[in-house]
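Report on one structure; see the data block that follows.
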């Protein structure tokens, strides 16, 4: 239902690129052990590889782009395998840096009895794929400084969409297509879309 609503406001390309097929999906699942939801693949089948962007018709530029990662794309940023590796490395590096900072703060507190430790622990509170029930990178909102993840759970749809605007996380118990539709129609107040709606939003295909 929400895919049809989404295509009603942002028409998909006439000839979408890197849509994938059942054989390519099976190969991806066998290679990664990652089983993404059907509605995600339906989105890729309709739109292919690319970005949801503002389109300034006067100078034909695209900006404020939202990328959805794609297992079938060859693009270095959009490709899901590369996103999994990139985000996993970032996650590990972040955890390591936070532990170093936490130890540094503990040492400072021991040296200075008047120093109070910050009670906020910024170390990621979620595991990351391939850890059990780990976050799966879904997309990136670029200059809007928001990352999107799928978070496996026990709900009827099997997952929720998680939006990270560091250091906060916002969780939405909806499908991928419902989340995108509500995001692109201004129905998710926690995510500041900036001037995303100042120009017409289109889907820009990547070959």
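Ranked highest first by the average count of other Cβ atoms within 10 Å around their residues, in what order do 139-149, 76-86 fall?
Highest to lowest by the protection proxy: 139-149, 76-86.
Residue 15 to residue 90: FRET efficiency via 1/(1 + (r/R0)^6), r the Cβ-Cβ distance, R0 30 Å, to the nearest 0.05?
Efficiency computed from Cβ-Cβ geometry: 0.35.
Hey, with R₀ at 35 Å, roughly what FRET efficiency would residue 145 and residue 31 work out to, going by the Cβ-Cβ distance, to 0.05?
The value I calculate is 0.65.
Report, please, the projected area of segment 125-205 averaged over directions, based on the convex hull of its C-alpha atoms, in nm².
Numbers: hull surface 24.7 nm².
Quarter of the Cα hull surface area: 6.2 nm².
Readers should treat all values here as calculations from the given coordinates under stated rules, not as data from a laboratory. From a predicted model like this one, the values you see are computed outputs, not experimental measurements. Note that we place each Cβ from the backbone using ideal geometry, even for glycine, and neighbour counts take in every protein chain shown.
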